[in-house]
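Laboratory data are not the source of any read-out in this text; all were calculated from the coordinates shown. Predicted model, so just to flag it, every value in this text is computed and none were measured. Cβ sites come from the backbone with ideal geometry, for glycine too, and all protein chains shown count toward neighbours.
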Amino acid sequence: MTLVEKTLKGQSFDEALTVKTPDGLTIQPLYTAKDGVAVARDLRLRDPERPWDLRVRAAHPDPLHAAKDILSDLENGAASVLLQLDPTGANGVAIGSTEDLAKALSGVLLDLAPVAVDAGFMGAKAADWLGALTKAAPNAPLAFHLDPLTAFAQAGASPGPIESHVFNAATVASRLSATYAKARLFLATGRAAHEAGGSNTEELAMMTASALAYAKALVRSGLSMDEAFGRIVLGVSLDGEYFTGVAKVRAAKAMWARLTEACGVAVAPRIEARSSRRMLAKADAWTNLLRLTSAGFAGAVGGADAIVLDAFTDAIGLPTAFARRQARNTQLVLMEESNLGRVADPAGGAWYLDSLTDQLARAAWSGFQAIEAAGGIVKALESGLVADAIAKTRAAQEAAFADKSRKILGVTVFPNADDKTPEVETPNAADFAVAGPDIRLPGPDSHCPALAPVRFAAAFEGA
């Protein structure tokens with residue numbers, strides 16, 4: 001240490017060589033066996049040829065255009081599709097009925113290709129539409145992705161009581177589960193916290209609290225505790241910090257193991273990892289390829305079951321065929337050339353990653369306990385407990401980017417003077433808008449402070 005202090009020339013060890021994460025965790029410059037902790041490892045063997053589900057997102061407002069995108073993706077390396085629905089076409093495919101959904105999935109073999117749906121408060125309706133199109137094929141690998149809590153957190157209000165939306169979704173899910181034995185019913189995620197500027201632990205705490213709320217609703221709707229947890233998918237957001245991303249996926253598994261153990265069941269987790277949208281930049285958008293590759297790497301090494309990478313142009317507009325191909329090929333290279341899925345839990349035994357995984361899981365579990373002490377995720381959202389914590393974290397992260405203690409490649413450092421904006425699709429959403437179903441449920445609307453999404457580079461990109 002004497003030699004280290006001499007090299008530091010008066011700076012303190014912590015100031016010069018340690019790093020604080022947005023979670024408040026300290027990253028040391030060097031880890032030894034003394035820092036090793038026992039972390040439960042997921043050593044399930046994966047298919048060496050297809051170790052994870054390469055999932056692509058479709059959000060073009062025109063259902064027919066979306067159908068062409070989906071078929072092209074599936075024919076060129078993708079294994080499944082995530083269909084984002086919005087009857088207005090502004091934030092997804094303009095779908096408001098079974099017939100509209102049939103257009104978007106035209107040509108897709110629903111009994112073979114996994115189809116996941118993001119539909120917000122419309123989720124229960126969309127689940128019924130997807131179930132009707134699948135025509136009771138019992139082994140169809142569907143992912144209904146019911147998730148009214150994320151819709152509530154992002155919108156700040158629900159059309160009718162949010163508790164009613166959760167129970168209504170569980171009722172529909174319970175009915176569909178009898179027909180579709182392999183279908184996943186709910187998506188429990190802290191994505192809203194992440195995209196609003198929250199920390200990794202705040203995201204994981206919200207994810208775990210949502211999973212518990214959905215499991216309770218499913219049990220109330222008639223499912224056993226084992227089946228309820230077995231039909232839930234965990235959602236994790238990944239940014240360009242790949243070591244933290246690896247640890248976060250592993251921490252999500254640890255959180256799930258502790259939660260299911262406390263509930264008296266033993267169910268393996270299923271994780272869908274999505275690339276972060278808050279990390280994307282408009283300026284020098286090509287640098288997003290680096291961020292997205294890092295996110296994909298973290299998901300693969302961490303052991304995610306499905307990975308969704310956005311297109312590198314998503315901060316600008318809807319992707320062209322070229323941008324969609326880049327999103328697919330990034331995962332294909334990680335999978336088929338880098339062979340990231342051939343080793344089970346490759347991070348296991350690394351003192352740094354085991355320590356970071358343990359710290360994230362412990363801090364997130366404390367956050368989850370605070371949410372439960374407040375009455376559960378709904379009460380914690382309504383009271384502002386979740387939003388207040390995220391607001392502080394977001395402000396700290398924005399300040400770090402402003403003083404350049406954290407940097408954004410191509411934006412706050414090494415800007416490209418010859419930057420040329422990549423081509424994007426520019427459809428008029430209004431041309432495809434359709435009438436949506438009535439999603440209001442009886443009773444007064446619920447309200448909470450909205451978790452508005454942020455994109456950190458936007459503050460430095462100008463008009």
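Data for the structure
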{"quantity": "Volume in Å³ per residue [convex hull over Cα atoms, computed for the range 52-102]", "calculated": "62 Å³"}
{"quantity": "Cα point-scatterer Debye curve for the range 342-418, base-10 log of I(q)/I(0) at q = 0.20 Å⁻¹", "calculated": "-0.94"}
{"quantity": "Estimated distance in nm for a label pair at Ile27 and Asp47, the labels positioned 7 Å out from Cα along Cα-to-Cβ", "calculated": "3.4 nm"}
{"quantity": "Relative contact order (percent, whole number), the range 224-325, Cα cutoff 8 Å, 6+ residue spacing", "calculated": "34 percent"}
{"quantity": "Set of aspartates and glutamates near Lys248 by C-alpha distance (under 12 Å), chain-local residues within fewer than 8 positions excluded", "calculated": "Asp23, Glu202, Glu203, Asp239, Asp354, Asp358"}
{"quantity": "Debye log10 I(q)/I(0) for the range 268-322, one point scatterer per Cα, at q = 0.14, 0.26 Å⁻¹", "calculated": "-0.38, -1.00"}
{"quantity": "For the range 374-463, projected area of the alpha-carbon convex hull averaged over all directions, nm²", "calculated": "10.4 nm²"}
{"quantity": "Cα Rg over Rh - the range 225-379, Kirkwood", "calculated": "1.01"}
{"quantity": "Two-decimal log10 I(q)/I(0) for the range 48-178, as the Debye equation yields it once each C-alpha is a single scatterer, q = 0.09, 0.13, 0.16, 0.19 Å⁻¹", "calculated": "-0.25, -0.53, -0.79, -1.08"}
{"quantity": "Given Lys135/Lys182; Lys103/Lys253; Lys103/Lys135, the pairs whose alpha carbons are separated by over 25 Å", "calculated": "Lys103/Lys253"}
{"quantity": "Sequence-separation-based contact order of the range 73-211, relative, with Cα cut under 8 Å and 6+ spacing, percent", "calculated": "19 percent"}
{"quantity": "Lysine pairs with alpha-carbon atoms under 24 Å apart, the range 274-431, spacing 8 or more or separate chains", "calculated": "7"}
{"quantity": "Cα long-axis angle, helix 321-332 against the chain (0 to 90 degrees, to the nearest 10)", "calculated": "60 degrees"}
{"quantity": "As computed over the range 110-176, the Cα convex hull volume per residue (Å³)", "calculated": "70 Å³"}
{"quantity": "Proportion of all alpha-carbon pairs of the chain beyond 34 Å (%)", "calculated": "31 percent"}
{"quantity": "Rg/Rh (Cα only; Kirkwood hydrodynamic radius) as it applies to the range 152-276", "calculated": "0.97"}
